[in-house]
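A short write-up of the structure that comes next.
The values are calculated or read from the model by the stated rules, or taken from the named source; none is laboratory data. These numbers were taken from a predicted model, which means no experiment stands behind them. Note: ideal-geometry Cβ built from the backbone for every residue, glycine included; neighbour counts use all protein chains shown. SASA here: full protein model, heavy atoms, side chains in, ligands and nucleic acids out. Shrake-Rupley method; radii C 1.70, N 1.55, O 1.52, S 1.80 Å.
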Amino acid sequence: MMMGHAKTEDIEIFLTVVDTGSFTGAANLLNQQVAKVSRAVSRLEDTLQCTLLNRTTRRLELTEEGHVFIRYARESLNTLYTGEEAIKLLKQAPSGHLRIDAASPFVLRQLCLNHQGIALLSNFMIGDDLKSGRLVEVLPEAIVTPNNRESIQAVYYKNSAVSSRILAFLDFIQPRLTL
């Protein structure tokens, strides 16, 4: 039996579900109905003839197949976007989607705000929280500031040209981040 090919849109939706941690979060981010997001992931699983996500009432967890697929899916979509961007570069005008991954340091700040632990976070992220008392500094003598953890890096695939949309984003965000 020969498998069909997965649709790019279904793969993008699957990645958004994984990145947001829920079907509802993905639906909100993509401005789609939860049912449509769920159908897209189910369609992708049917196409691949395997389960990619274990669903419980509390959380989603990638299966072993999900872990393998997501690595290739991200790389493949990035290659596709790079090809599209190469064509758009001919126009020299920033356009298209830009995927930014900044969830980990943020989804840690949120845990700290909910009294779920402590973390070493950059001042630009928590400065207002410290001033307002929402967060409290612990072990201040153990931290030398500014430190290497406060720098922000823009990371992209080395084999891709820096697209106009990446440059436009970097120009936009740089003056807005105060370390």
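Candidate cross-link partners of Lys7 among the aspartates and glutamates, defined by an alpha-carbon separation under 17 Å and a same-chain spacing of 8 or more, comprise Glu45, Asp46, Glu75, Glu84. Estimated purely from DSSP H runs of n ≥ 4, each contributing -39500 (n - 2.57), the mean residue ellipticity at 222 nm for the chain is -15500 deg cm²/dmol once divided by its residues. Carbon and sulfur: what percent of segment 1-83's accessible surface (1.4 Å probe)? Ligands and nucleic acids excluded, carbon and sulfur reach 51 percent. Which of rounded, prolate or oblate describes the chain when judged by the alpha-carbon gyration tensor and an a/c cut-off of 1.5? Verdict is oblate for the chain. Database remark: amide H of Ser95 closer than 5 angstrom to the amide H of Arg165 (H placed geometrically; neighbours at sequence offset of 5 or more, or on other chains; Pro and chain starts carry no H). Give the residue list of GluC sites (Glu not before Pro) in segment 22-68 that are DSSP loop and have at most 16 other beta-carbon atoms within 10 angstrom. Nothing satisfies the criteria.
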